[in-house]
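As structure tokens, the structure follows; a few thoughts come after it.
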Amino acid sequence: MSAPVVSVCVPIFNNGDVVDALFDSLARQEFDEPWEVVVADNGSSDDSRERVLAWTDRLPSLRLVDATDVAGQSHARNRAAEEAGAEYLLFVDADDVVTDGRLAALAGGLRRCGLASGPYDEETLNDKCARAWAMPHRPKDHLPTVFDFLPAALGNNFAIRASVLREVGGWNEDYHYGEDVELSWRSQLAGHELCFVPEAVVQYRHRADIRSLARQQYFRAYGRGPAAGHYLSRDFGPHGYDPPSEAGRFLERLLFMIRNLPLIPFSRLRRGLWVKHAAYGWGWLRARLEGKHRLQRSMTTDPGATGGS
């Protein structure tokens, strides 16, 4: 078999209930050149691995690799990239669905640019509440520009040349949230163009129940905090990145919760939004408190230590 031109890289962690939809959409892709699917399991405890292996007859180029040694999507993506045999790496998350033609469209984008991404369909896989909880939505005709700094490709619709990924050092495994933004910015600052490919659509699956929404938002906020290693300000401040005040955003969420508290018994939509803000606020507050504690401890053991939260 000829060496693959494209490697579809899929990090997976307890996605056995939804991964069949992704593989079904991959099996429908039409691409005239050799391609493969590399799935990196990050320690699933459900039937994810069995679900993946059940597709080897319908996706003969599918491989399952082990990424259980370090927790986190960035590590799983790095493992998939290490095992991939192609120059064009197309990342997608295990709980999403790719539309027909995405593979060929992103391969075309990578022939022009070092990185490429496309738009999202947020309607097909999500009900009204799930879509409302996920506000703000991603633009359909261009890539999002995060905090007015640089455009970014998001991890579940992220394509990059393997040579570029190696040059810039891979996915940053210190980041537990925003690793896609970090890699997008780092690659562009290294001189690589990020292209928008409108035909490369991914059907994005939002959290459909309040419990999983709360868990997502908590870890998203905790991952932004100083104790969890999410340092966009540290890494990109010297390049002109000036984020909005996290304290101001925290207060906005707190005011929303106070105003909407009387309404949550009567509306699932409002209840989900309230829990979303509460979970995010608690994650942000915990990370900040832990960051201050670590700073104080380091300063008592190392008189030369400096920093802030």
Next on the checklist: Looking at segment 223-242, I want the residues that are more than 13 Å from residue 147 (Cα to Cα) and outside any loop (DSSP other than H, G, I, E, B) and have a partner that is modelled with pLDDT of 80 or more and among the small types (Gly, Ala, Ser) with Cβ atoms under 6 Å, at least 6 apart or on another chain. Which pairs are those?
Outcome noted: none
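Would you check which residues across segment 146-155 are within 16 Å of the chain's Cα centre (by Cα) and open to solvent by 10 Å² or more (accessible area, probe 1.4 Å) and list them?
146, 151, 154
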Checklist outcome for this item: Per the filter on segment 183-212, residues modelled with pLDDT of 95 or more and assigned to a helix (DSSP H, G or I) are 183, 184, 185, 186, 187, 188, 189
Item to check | Of all residues making up segment 132-185, the number that are in contact (Cβ under 8 Å) with a residue 40 or more places away in the chain, among the polar types (S, T, N, Q) and over 13 Å from residue 235 (Cβ atoms) | outcome: 3
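Residues are listed down the side, and each one gets a yes or a no for (1) closer than 27 Å to residue 152 by Cα; (2) modelled with pLDDT of 95 or more; (3) among the aromatic types (Phe, Trp, Tyr):
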| position | (1), (2), (3) |
| --- | --- |
| 47 | no, yes, no |
| 71 | yes, no, no |
| 76 | yes, yes, no |
| 120 | yes, no, yes |
Next on the checklist: Can you go through 107, 76 and tell me which one is closer than 20 Å to residue 181 by Cβ, open to solvent by less than 10 Å² (accessible area, probe 1.4 Å) and of a type in the set (A, V, I, L, M)?
Outcome noted: 76
Checklist entry - Is it the case that some residue within segment 115-127 is surrounded by 23 or more Cβ atoms within 10 Å (Cβ to Cβ) and either assigned to a helix (DSSP H, G or I) or out of contact with any strand residue (DSSP E or B) (no Cβ under 8 Å at 6 or more places or on another chain) (or both)? => result no
Item to check | Matching option when the condition is open to solvent by less than 40 Å² (accessible area, probe 1.4 Å), modelled with pLDDT under 80 and over 30 Å from residue 184 (Cβ atoms), among 287, 228, 305, 221 | outcome: 305
Checklist entry - Which of (1) at pLDDT 90 or above; (2) in a loop (DSSP other than H, G, I, E, B); (3) of a type in the set (A, V, I, L, M) does residue 135 not meet, given it meets every other one? => result (1)
Checklist entry - If you check every pair at least six apart or on different chains, which have Cβ atoms under 6 Å apart with a residue in segment 186-202 that is open to solvent by 20 Å² or more (accessible area, probe 1.4 Å) first and a residue that is acidic (Asp, Glu) second? => result 201/121
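Within segment 59-71, can one find any residue that is among the hydrophobic types (A, V, I, L, M, F, W, C), closer than 29 Å to residue 209 by Cβ, in contact (Cβ under 8 Å) with a residue 24 or more places away in the chain and in a strand (DSSP E or B)?
Yes, the conditions are met somewhere in segment 59-71.
The values are calculated or read from the model by the stated rules, or taken from the named source; none is laboratory data. From a predicted model like this one, the values you see are computed outputs, not experimental measurements. So basically every Cβ, Gly included, is an ideal-geometry build from the backbone, and we count neighbours across all protein chains shown. Protein only, heavy atoms only, side chains kept; ligands, DNA and RNA dropped before computing areas. Shrake-Rupley method; radii C 1.70, N 1.55, O 1.52, S 1.80 Å.
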